[in-house]
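The values are calculated or read from the model by the stated rules, or taken from the named source; none is laboratory data. Keep in mind that this is a model prediction, so the values were computed, not measured. Cβ sites come from the backbone with ideal geometry, for glycine too, and all protein chains shown count toward neighbours. To get the accessible areas, we keep the full protein, side chains included, count just its heavy atoms, and leave off ligands, DNA and RNA. Shrake-Rupley method; radii C 1.70, N 1.55, O 1.52, S 1.80 Å.
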Amino acid sequence: PGYSYHSETNMDIMQPLLSTLADVYEQLDLPLRSIENEYAPGQLECTFTAQPASVTADNYILFRTATRQVCRRHGYFASFMCKPAFEGYYTSGWHLHQSLADAATGDNVCMPDSDAAYLSPAGNAHLAGLLEHATAATVFSTPTINGYHRFRPNSLAPDRAAWSHDHRGAMLRVLGGVGDPATRIENR
């Protein structure tokens, strides 16, 4: 029904499908954390609990396939296109949250020890590697021309390979800090 960022006025229209999707994700053991209305018409955001990288990759494919099939069965078309032809609306995208865990303890090794840093030394090294390979990795993270069309200033999508603390316009957004076991890097 149009622009309705987090608006409850359209939830009665959307809720039956959202509940069905959430039920299917649960049946498929996809660790859904949230599903919510976003900026553009029909645009949703689904977030999932952190998992090992290989499990997350498999779950991503299962999520896309299941979402398309469930929506089709209910008379909707689910698209994961970054920039459909809607003028005046924010584009869609995906954000991959990354953290590093100690193999023996499971502790987050990105969390800094002091307020003087946003990340631990290991987290900083990981961040530096992501920046070093940002251009080459773009072919995998943004494999379509529509995806590239998202990369504009003031679009909530990055327009350069840079990092920042809690800034949605940066390619890599560092979230968390001292004492936060969910400290991570969000690749936008």
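Inside the range 23-43, residues that are surrounded by 16 or more Cβ atoms within 10 Å (Cβ to Cβ) and closer than 16 Å to Val55 by Cβ make up a count of 3. Remark: Asn108 falls outside the filter, which requires a residue to be open to solvent by less than 60 Å² (accessible area, probe 1.4 Å) and free of Cβ contacts under 8 Å to residues at least 60 places away in the same chain.
For the range 139-188, what are the residues that are out of contact with any strand residue (DSSP E or B) (no Cβ under 9 Å at 6 or more places or on another chain), assigned to a loop (DSSP other than H, G, I, E, B) and among the aliphatic types (A, V, I, L, M)? Of everything in the range 139-188, those that are out of contact with any strand residue (DSSP E or B) (no Cβ under 9 Å at 6 or more places or on another chain), assigned to a loop (DSSP other than H, G, I, E, B) and among the aliphatic types (A, V, I, L, M) turn out to be Leu156, Ala157, Val178. Summed over the range 15-52, the residues that are hydrophobic (A, V, I, L, M, F, W, C) and either without any contact (Cβ under 8 Å) to a residue 24 or more places away in the chain or in contact with a Leu (Cβ under 8 Å, 6 or more places away or on another chain) (or both) give a count of 9. Take the conditions (1) surrounded by 15 or more Cβ atoms within 10 Å (Cβ to Cβ); (2) part of a loop (DSSP other than H, G, I, E, B); Gly75 misses just one of them, which is (1). Could you tell me whether the range 49-57 includes any residue that is open to solvent by 50 Å² or more (accessible area, probe 1.4 Å), farther than 30 Å from Asn146 by Cβ, β-branched (Val, Ile, Thr) and part of a loop (DSSP other than H, G, I, E, B)? So far as the range 49-57 goes, no, none of its residues is open to solvent by 50 Å² or more (accessible area, probe 1.4 Å), farther than 30 Å from Asn146 by Cβ, β-branched (Val, Ile, Thr) and part of a loop (DSSP other than H, G, I, E, B). State all residues of the range 86-105 that are within 30 Å of Ala40 (Cα to Cα) and either open to solvent by less than 50 Å² (accessible area, probe 1.4 Å) or over 19 Å from the mean Cα position of the chain (by Cα) (or both); if no residue qualifies, say none. Within the range 86-105, Phe86, Glu87, Gly88, Thr91, Ser92, Gly93, Gln98 meet the criteria.
Of all residues in the range 111-125, exactly one satisfies the criterion of being assigned to a helix (DSSP H, G or I) and crowded, with 18+ Cβ neighbours inside 10 Å, namely Gly123.
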